[in-house]
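Engineer: Here you go, one structure.
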Amino acid sequence: MVVVKHQPLADKLRPITLDEVVGQQHLVTPGKPLHRLLTNNSLHSMVFWGPPGTGKTTLAQIIADSLDADFIQLSAVLAGVKDIRSAIEQAKTNLPQVTVLFVDEIHRFNKSQQDAFLPHLENGLITLIGATTENPSFALNNALLSRLKVYILKSLDDESAGQLLDKGVQSFDPPMALTEDQQLALIAAADGDGRKLLNLVEILQDYSSGGQVKDEDVALVTTGQ
């Protein structure tokens with residue numbers, strides 16, 4: 001019988017403060033936009049635009065938690081207008097607490113679904129944080145986009161990916177021992193996607209024994225061969 005594992009490594013290591021975020025230094029370090037928002041205890045609606053695995057969901061959660069806001073999460077792949085209405089009703093019951101409504105893959109919503117947010121943004125009932133891998137100028141309608149500040153997230157560079165990789169390998173007991181070449185192979189295979197990098201590390205741990213990692217296991221994880 002297969003026993004279901006505990007939470008995935010990427011979720012286990014999910015940052016809970018801006019200081020713990022790896023990468024996105026142009027947004028999260030002192031003096032940068034998101035850091036200034038939280039320092040000033042301020043909030044506005046926004047959309048995070050960037051490749052997969054760059055921390056869009058994580059940043060939205062950190063913002064909500066840091067400002068003691070209620071956090072409602074929807075996926076535009078699965079949700080519809082009914083789910084939006086339900087979230088709005090929840091936001092009403094939360095008053096006077098601020099509600100952050102996070103919509104992952106917001107570009108998947110059609111025009112009418114996007115328009116459903118407008119009156120609630122206008123009256124301040126919700127603060128909307130969207131996440132998208134598509135250019136918001138083309139993926140979102142103008143009425144919604146005009147009410148959102150666009151923040152661009154970048155793929156992890158090799159230095160940031162190396163920091164995240166180190167967190168991943170050190171999370172095991174005993175820690176996973178990787179050679180420099182093995183680390184570089186994992187970083188290259190992840191291609192700037194932090195979630196993918198940690199998933200590769202977790203799979204590699206499944207193949208390894210006692211923290212010892214073989215080159216052939218790294219090759220299997222990164223290339224499938």
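The values are calculated or read from the model by the stated rules, or taken from the named source; none is laboratory data. Everything numeric here is computed off the predicted structure, so don't read it as measured data. Glycine gets a Cβ as well: all are built from the backbone with ideal geometry, and neighbour counts include every protein chain shown.
Engineer: Which residue, of LEU198, LEU184, is among the hydrophobic types (A, V, I, L, M, F, W, C), buried (at least 21 other Cβ atoms within 10 Å of the Cβ), more than 22 Å from ILE88 (Cβ to Cβ) and not assigned by TED's automatic domain parsing to the domain that holds GLN90? Before you say what the answer is, go through the steps one by one.
Structural biologist: Numbers: LEU184 fails: buried (at least 21 other Cβ atoms within 10 Å of the Cβ).
Only one candidate passes the filter, namely LEU198.
Engineer: If you don't mind, there's one more thing I want to ask. Go through (1) closer than 23 Å to ALA190 by Cβ; (2) in the same structural domain as ALA143 (by TED's automatic domain parsing) and name the single condition PRO33 misses.
Structural biologist: The failed condition is (1).
Engineer: Let me ask you something else. Take the residues in region 99-124 that are assigned to a loop (DSSP other than H, G, I, E, B) and at pLDDT below 95; name whichever of them is nearest to ILE62 (Cα to Cα).
Structural biologist: Taking region 99-124 as the starting set, the residues that turn out to be assigned to a loop (DSSP other than H, G, I, E, B) are 105, 109-110, 116-117, 123-124.
Okay, now just the ones that are also at pLDDT below 95, so 109-110, 116-117, 123-124.
Working: PHE109: 24, ASN110: 27, ALA116: 25, PHE117: 22, ASN123: 24, GLY124: 20 Å.
In this case the residue turns out to be GLY124.
Engineer: Do we have any residue at all in region 81-94 that's touching a residue at least 60 places away in the same chain (Cβ under 8 Å), among the charged types (D, E, K, R), at negative phi and in contact with a strand residue (DSSP E or B) (Cβ under 8 Å, 6 or more places away or on another chain)?
Structural biologist: First, the residues of region 81-94 that are touching a residue at least 60 places away in the same chain (Cβ under 8 Å): none.
No: region 81-94 contains no residue that is touching a residue at least 60 places away in the same chain (Cβ under 8 Å), among the charged types (D, E, K, R), at negative phi and in contact with a strand residue (DSSP E or B) (Cβ under 8 Å, 6 or more places away or on another chain).
Engineer: If a residue must be out of contact with any Leu (no Cβ under 6 Å at 6 or more places or on another chain) and over 23 Å from GLN7 (Cβ atoms), how many such residues does region 184-209 contain?
Structural biologist: The total comes to 5.
Engineer: If only one of ASP193, ASP173, ASP166 is out of contact with any helix residue (DSSP H, G or I) (no Cβ under 8 Å at 6 or more places or on another chain), buried (at least 16 other Cβ atoms within 10 Å of the Cβ) and outside the structural domain of SER42 (by TED's automatic domain parsing), which one is it?
Structural biologist: Details: ASP173 fails: buried (at least 16 other Cβ atoms within 10 Å of the Cβ); ASP166 fails: buried (at least 16 other Cβ atoms within 10 Å of the Cβ).
One residue alone meets the criteria, ASP193.
Engineer: If SER45 satisfies every condition in (1) buried (at least 16 other Cβ atoms within 10 Å of the Cβ); (2) within 28 Å of ALA161 (Cα to Cα); (3) of a type in the set (Ser, Thr, Tyr) but one, which is the exception?
Structural biologist: That leaves (2) as the condition not met.
Engineer: Let me ask something else. Counting only residues that are touching a residue at least 24 places away in the same chain (Cβ under 8 Å) and within 12 Å of the chain's Cα centre (by Cα), give me the helices (runs of 4 or more DSSP H) lying completely in region 1-79 with at least 2 of them.
Structural biologist: 56-66
Engineer: Do you know which residues across region 147-196 are more than 23 Å from the chain's Cα centre (by Cα) and either under 19 Å from ARG14 (Cβ atoms) or in a loop (DSSP other than H, G, I, E, B) (or both)?
Structural biologist: Passing the criteria: ASP173, PRO174, PRO175, MET176, LEU178, THR179.
Engineer: Scanning region 19-34 for residues that are at pLDDT 95 or above, crowded, with 17+ Cβ neighbours inside 10 Å and not β-branched (Val, Ile, Thr), which turns out nearest to ASP173 (Cα to Cα)?
Structural biologist: GLN24
Engineer: Looking only at region 138-176, count every residue that is over 30 Å from GLN114 (Cα atoms) and of a type in the set (D, E, K, R) and tell me the total.
Structural biologist: Adding up the residues that qualify gives 6.
Engineer: Continuing with this model, one more query. If you take the residues in region 68-102 that are among the acidic types (Asp, Glu) and exposed (fewer than 13 other Cβ atoms within 10 Å of the Cβ), which one is nearest to GLN113 (Cα to Cα)? Can you show your working first?
Structural biologist: Of the residues in region 68-102, the ones among the acidic types (Asp, Glu) are 68, 70, 83, 89.
Subsequent filtering for residues that are exposed (fewer than 13 other Cβ atoms within 10 Å of the Cβ) retains 68, 89.
Numbers: ASP68: 27, GLU89: 16 Å.
Filtering region 68-102 for residues that are among the acidic types (Asp, Glu) and exposed (fewer than 13 other Cβ atoms within 10 Å of the Cβ), the one nearest to GLN113 (Cα to Cα) comes out as GLU89.
Engineer: Let me ask you something else. I want to confirm something. Restricting to region 151-162 and keeping residues that are in contact (Cβ under 8 Å) with a residue 24 or more places away in the chain and out of contact with any Gly (no Cβ under 8 Å at 6 or more places or on another chain), which single residue is surrounded by the fewest Cβ atoms within 10 Å (Cβ to Cβ)? Can you show your working first?
Structural biologist: Taking region 151-162 and keeping what is in contact (Cβ under 8 Å) with a residue 24 or more places away in the chain, we get 151-158, 160-162.
Filter once more, keeping what is out of contact with any Gly (no Cβ under 8 Å at 6 or more places or on another chain): 151, 158, 162.
Working: TYR151: 18, ASP158: 13, GLY162: 17.
Per the stated criteria, the residue is ASP158.
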